[in-house]
Amino acid sequence: MTHDEIIRHLESPDPRELFAEADRVRRSVVGDEVHLRGLIEFSNVCARDCLYCGLRRSYNGVKRYTMSLEEIFTAVRDAAGIGYPSVVLQSGESAQYSVADIGGLVRRIKSELGVAVTLSIGEKTRAEYAALKESGADRYLLRFETSSEVLFRELKPDSSRMARMQCLAWLREVGFQVGSGVMVGLPGQTPAMIADDILLMQALDLDMIGIGPFIANPHTPLGDRKSGTLDLTLRTVALLRIITRNTHIPATTAMGSIEQGGREKALACGANVLMPNVTPTQYRSHYQLYPGKICIKDQPGDCSLCVAAMLGRMGRRVAAGPGHSLKPRTRDGGV
Ligand code: 5AD
Ligand code: FES
């Protein structure tokens, strides 16, 4: 699809045909199964100052927490007990844990629990990524957030688009299944920029693509800006499904937070993954990147039941296996 065609779909008066086409592609290419990844937000300490994020270092209004390695392991064991074949370990970017700590944790998870492990812990050196891969981690998520050089510089003052791209290249080189993505509806983001984002995600040949609407957080410098919309986010999901075909695309928490039923809508226009929260309940309220986040008061078991009911209503099945990449390149890769 060309840049112009993408813009036309982003701006068309009625997206229903786009959504229906994405749903057809989803069904024929990745099927009715939905992969579940239990999400553990294990620390909200962050050294960065991204303008959109409620965990940015200059915000003092949040109680910072750092789960111990033992607590994280217990949370993963609970996730495995619930039946999730795959977990995502996410945190702010900080030096709270050494790469050796995280690597040791991953080794223990892999040997004792055997679940697939995705890390989402930010920018590291190539050697650190290699060590994390060596420890047995399967996948890594690192959103590039926006393909616009200008927007990136404004929104992520401590990083650069180039550094982010370098990290994504390293993650691929060391053998991870790689996920990336963007926020939709960022202040100053145009449809042309979103079209650039989509084409860049296609060019990166990602194994997973996680996107969500920007949700203005009153505790950040972007607090009085307009949030993105679910509609534009869903159009982006649909286009990504049609263009990239066999990518794992989650219906993300931000989609369910900006509008009730948002995740269901995403599952109906291209998404095939859900990431139910398994963070211990006492920490959840402290991991608010944006206001209105769902599941803040729920227990891991609540989210599991909620998600099972959601899929039941939609006539979709829970996938059984770990849900590795569907790309031929990595199909024979790590287990
Ligand atoms: N609104 C929506 N998504 C956000 N993220 C961070 N802050 C916000 C916000 N205000 C997203 C970023 C990050 C992911 C973990 O959460 O895309 O990569
Ligand atoms: Fe957490 Fe629905 S997924 S309560």
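The values are calculated or read from the model by the stated rules, or taken from the named source; none is laboratory data. Only a predicted model underlies this, so the values are computations on that prediction, with no experimental measurement involved. Cβ coordinates were reconstructed from backbone atoms using ideal geometry, including for glycine residues, and neighbour counts include every protein chain displayed.
At a glance:
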read-out: Segment 78-98, residues that are within 20 Å of Leu55 (Cα to Cα) and in contact (Cβ under 8 Å) with a residue 60 or more places away in the chain; value: Val88
read-out: Residue among Arg143, Arg139, Arg164 that is touching a residue at least 40 places away in the same chain (Cβ under 8 Å) and farther than 28 Å from His3 by Cα; value: Arg139
read-out: Residue ID - surrounded by the most Cβ atoms within 10 Å (Cβ to Cβ), chosen from residues in segment 122-141 that are out of contact with any helix residue (DSSP H, G or I) (no Cβ under 6 Å at 6 or more places or on another chain) and closer than 12 Å to Arg164 by Cα; value: Leu141
read-out: Segment 56-74: number of residues that are within 16 Å of ligand 1 (Cβ to nearest atom) and either more than 17 Å from Leu186 (Cα to Cα) or loosely packed, with under 14 Cβ neighbours inside 10 Å (or both); value: 5
read-out: Matching residues, segment 282-310, being within 16 Å of ligand 1 (Cβ to nearest atom) and charged (D, E, K, R); value: Arg284, Lys293
read-out: Filter result for the condition that a residue is over 22 Å from Asp23 (Cα atoms) and either surrounded by fewer than 22 Cβ atoms within 10 Å (Cβ to Cβ) or free of Cβ contacts under 8 Å to residues at least 12 places away in the same chain (or both), over His324, His286; value: His286
read-out: Spans of strands (runs of 3 or more DSSP E) in segment 20-134 with at least 1 residues at pLDDT below 95; value: none
read-out: Residues that are surrounded by fewer than 17 Cβ atoms within 10 Å (Cβ to Cβ) and within 17 Å of Gln202 (Cβ to Cβ), drawn from segment 9-55; value: Val29
read-out: Residues of segment 221-261 classified as touching a helix residue (DSSP H, G or I) at 6+ places or on another chain (Cβ under 6 Å), without any contact (Cβ under 8 Å) to a residue 40 or more places away in the chain and either within 20 Å of Leu18 (Cβ to Cβ) or more than 16 Å from ligand 1 (Cβ to nearest atom) (or both), total; value: 3
read-out: Those residues of segment 142-196 which are among the small types (Gly, Ala, Ser) and in a loop (DSSP other than H, G, I, E, B), in sequence order; value: Ser147, Ser148, Ser159, Ser160, Gly175, Gly181, Gly185, Gly188
read-out: Residue in segment 89-97 that is surrounded by fewer than 20 Cβ atoms within 10 Å (Cβ to Cβ), farther than 29 Å from Ala308 by Cα, in contact with a Leu (Cβ under 9 Å, 6 or more places away or on another chain) and acidic (Asp, Glu) present; value: no
read-out: Answer residue from segment 280-306, given it is within 10 Å of ligand 2 (Cβ to nearest atom) and in contact with a strand residue (DSSP E or B) (Cβ under 6 Å, 6 or more places away or on another chain) and is nearest to Gly83 (Cα to Cα) among those; value: Cys303
